[in-house]
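**Q** What follows is a single structure, and I will ask about it in a moment.
The values are calculated or read from the model by the stated rules, or taken from the named source; none is laboratory data. Values in this document were obtained by computation on a predicted structure and should not be read as measured data. Every residue, glycine among them, receives a Cβ derived from its backbone with ideal geometry; neighbour counts consider all protein chains shown. Keep in mind that these areas ignore ligands, DNA and RNA; they rest on the heavy atoms of the full protein, side chains included. Shrake-Rupley method; radii C 1.70, N 1.55, O 1.52, S 1.80 Å.
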Amino acid sequence: MGPRTYFPGLWSRGAVPLPIGGASTEESGNLPDSGWHMTDLASNQRIGTEVRPDAVPSGVAAVIAEHTNEFHSLGDTDNRLVWVSDSVQAVLGYQASDFLLHVAVSIIHPEDYPRTATAFHELVNEPNGRRRVQYRVRHSDGTWRWVETVMTNLLDRAGVNGVVSTTRDVTSRVMAKRRLAQSERRLRSIVSSAGDVVAILDSVRKVDYVTPTVAALLKRSTAAVKHDWTSFVHADDLTALDALFESALRHSGITQGPIDLRMLRSDGEWLTLEALITDYQADPIVRGVVLNARDVTSRRRIEAERSRNQNMFNALVEMAPVGIFLADSSGDWNYANAKISSEFGVEPAALLGKGWMQLFDAADVVRLKSELARWDGRGRYITELFTRHSPDTREVKVTISRPESAGMVGTIEDVTSRRELDEMLIDGAALGSLAGAVGSAAHDIHNLLSSIGFQLGLLDAAEEVDRVSAANEAIDRACDITEDLMAMSRPSRGRVAAIDLGPMITSLADMLGVLVEHQADLVVEHPGDGIFVSADRTGLERVITNLVVNARDAVEPRGRITIAVSEVDLDDESAPTGGSAGPHVAIAVADDGCGIPESVIGRIFEPYFTTKADGNGIGLAASRRNVRTWGGDIRISSVERKGTRVTILLPSGSNLD
């Protein structure tokens, strides 16, 4: 008798290995030659039809054995394997003869052998009993396969007298179950460790399962939450919760929400949870209503604070004493505050898009758009515009900045009153200068008249002619001083006449070149002959010289200063304040210097305001006052670190009365 071994035919829960042996069929007893009766192993009842070996064609039997996923075996009363079906080759890759003689004893996994042996020993002591066991066996290719064996004790059944086993390869099924179990463990671990709370409810909102995070979140035990979780929901939120739950039941499989639920912690603090509900009762795995809740208390607190701050900021913007607007990168407005609307008497909606252009002088709008197109967005862009959408033309200062985000933000400030005050201050300064001049002139007149009296008192015949001549010279000087006093007390437009700018600029350029030659390059775009303006030549030369000197002081060494003359046609809205429409001449002095800071440009024409250590603050103020007396104006635009452009507008000679 050969050595005994236990071979479990198939794996399954509670399955047992079959005893097999390497003995021949002669040693284990002859099997009946008359054929086999098919037996229902589940009921141990014989099925009546007798099947003889020659009843099944050999070809069909070979095909069945080749394509089956299970094989059968028979163990005798001595626990030896006495027969195995040829299909063992299809399942485990072994020939039936080799399997009986050599293989069966060694292919069971060592860790699984004790369990299968125990199952078999229990079975042989239980007539007509059945055992199912799963275990690992080595395939002929060297890999381990999971099999399931169903063993039936038919030792007492005549014609069988053994333990009948059916063994099936269940590797795919076992591996699938293992992967599923691993995924379930991973998912449960993720859900349990996540900050969100996940609960599975039944149709009446009773908790079947809730993640452990609920204990840390609400500072309550899981059991307390399961018992009556809705008692911790704020009374004002229960209606919304009911509506959300009912909506989820009506829309199975579709997530409903989110809504905010306030829930009470054990320490008395209210938390705000963002809740989503999905009905998965029809899902065979979940079989419940899933509630997902996330703590958003801090986020809602921040959002509320941000909303309050935004409301306060909006109120401040609306209450601001200056106009404030927002524009996109193309210059179209998308917001204008109440100040702009009230100042110009226009509804805010009418200013949006390109509607703002109706507020300002057309030529100024064209200039503004052109300069903004060239602006690189650094620093602040500051300019002055004249309005046309108001009963009286006004002058406004526009300041624009471009934040890091797209778009622009700007302010509009009416500086008309300030300009009028500036002019009043200039007039006051002139009166002060007049008082000083009058005092000095009076002193000189006194001295001159004293000299006249002295000379006339010394008259004699010999010297009569010379003394009278000296007296006449003194009287002439006194007359000159008197005329100066009269001029100071009665400011005038000077000797206004038509000036041909071509020759004047050409003659002035040489002197200006000497003024700036050590600091900058002067470029004069000569206008040629035939361009006339209505002004006082000496005063105009003094204004241009003042602007060039200011430009020289603003540029870096070897900077660039440009003087350009052009003819423009202005309508009533774009004409200088106090001037008339028609042909005008623009004399522009531009530099590539440091530009004028926002804090300074608004005061640039104020009398006595200066940023120069040796300045007196009179130059620009007096220049603009003179230009305005000639029916013109001075306009300025500047970009920090880019340069400044000052433009003198004067009526052209063809527009003279």
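**Q** Between a residue in region 132-146 that is touching a residue at least 12 places away in the same chain (Cβ under 8 Å) and hydroxyl-bearing (Ser, Thr, Tyr) and any residue that is open to solvent by less than 30 Å² (accessible area, probe 1.4 Å) and part of a strand (DSSP E or B), which pairs come within a Cβ distance under 6 Å, given they are 6 or more apart or on different chains?
**A** none
**Q** Also, I was wondering about something else. Scan region 292-317 and report the pairs whose first residue is at pLDDT 90 or above and whose second residue is assigned to a helix (DSSP H, G or I), with Cβ atoms within less than 7 Å and a gap of 6+ or a chain change.
**A** Within 7 Å, the pairs are Asp295/Leu217.
**Q** Select from region 255-284 the residues that are over 19 Å from Asp236 (Cβ atoms) and aliphatic (A, V, I, L, M) and list them in ascending order. Give the derivation first.
**A** Quick first cut of region 255-284, residues over 19 Å from Asp236 (Cβ atoms) only: 255-256, 266-267, 276, 278-284.
Correct list: Leu276, Ala282.
**Q** Please count how many residues of region 576-634 are touching a residue at least 40 places away in the same chain (Cβ under 8 Å) and among the hydroxyl-bearing types (Ser, Thr, Tyr).
**A** 5
**Q** Any chance you could count how many residues in region 298-340 are surrounded by 18 or more Cβ atoms within 10 Å (Cβ to Cβ) and more than 23 Å from the chain's Cα centre (by Cα)?
**A** Within region 298-340, residues that are surrounded by 18 or more Cβ atoms within 10 Å (Cβ to Cβ) and more than 23 Å from the chain's Cα centre (by Cα) number 6.
**Q** Do we have Val163 as surrounded by 15 or more Cβ atoms within 10 Å (Cβ to Cβ), part of a helix (DSSP H, G or I) and not acidic (Asp, Glu) here?
**A** Numbers: surrounded by 15 or more Cβ atoms within 10 Å (Cβ to Cβ): yes; part of a helix (DSSP H, G or I): no; not acidic (Asp, Glu): yes.
Considered against the rule, which asks whether it is surrounded by 15 or more Cβ atoms within 10 Å (Cβ to Cβ), part of a helix (DSSP H, G or I) and not acidic (Asp, Glu), Val163 comes out as no.
**Q** Quickly run through region 247-284 and pick out the residues that are assigned to a strand (DSSP E or B) and in contact with a Ser or Thr (Cβ under 7 Å, 6 or more places away or on another chain).
**A** We begin by selecting, within region 247-284, every residue assigned to a strand (DSSP E or B); these are 256-264, 270-280.
Answer for region 247-284, where residues must be assigned to a strand (DSSP E or B) and in contact with a Ser or Thr (Cβ under 7 Å, 6 or more places away or on another chain): Gln256, Asp260, Arg262, Leu271, Thr272, Leu276, Thr278, Asp279.
**Q** Sticking with this structure for a sec: Which of the residues belonging to region 501-535 are more than 52 Å from the chain's Cα centre (by Cα), in a helix (DSSP H, G or I) and hydrophobic (A, V, I, L, M, F, W, C)? Break it down into steps so the answer makes sense when it comes.
**A** From region 501-535, those more than 52 Å from the chain's Cα centre (by Cα) are 501-515, 528-535; that's our starting set.
Filter again for in a helix (DSSP H, G or I), leaving 501-515.
Scanning region 501-535 gives Leu501, Met504, Ile505, Leu508, Ala509, Met511, Leu512, Val514, Leu515.
**Q** Being more than 17 Å from Ala199 (Cβ to Cβ) and without any contact (Cβ under 8 Å) to a residue 12 or more places away in the chain is the filter; apply it to region 223-245 and report the residue that is surrounded by the most Cβ atoms within 10 Å (Cβ to Cβ).
**A** This residue is Ala243.
**Q** While we're looking at this one, here's another question. Suppose we filter region 328-358 for residues that are among the small types (Gly, Ala, Ser) and touching a residue at least 60 places away in the same chain (Cβ under 8 Å); how many remain?
**A** The total comes to 2.
**Q** What is the number of the single condition among (1) in a strand (DSSP E or B); (2) closer than 24 Å to Thr118 by Cβ that Ile200 does not meet?
**A** Evaluating Ile200 over (1) in a strand (DSSP E or B); (2) closer than 24 Å to Thr118 by Cβ leaves (2) as the failure.
**Q** So how many residues does region 318-368 have that are in a strand (DSSP E or B), of a type in the set (A, V, I, L, M) and in contact with a helix residue (DSSP H, G or I) (Cβ under 9 Å, 6 or more places away or on another chain)?
**A** Within region 318-368, the first condition is being in a strand (DSSP E or B), and the residues that meet it are 323-327, 333-336, 353, 360.
Those left that are additionally of a type in the set (A, V, I, L, M): 324, 326-327, 336.
Subsequent filtering for residues that are in contact with a helix residue (DSSP H, G or I) (Cβ under 9 Å, 6 or more places away or on another chain) retains 324, 327, 336.
Result for region 318-368: 3.
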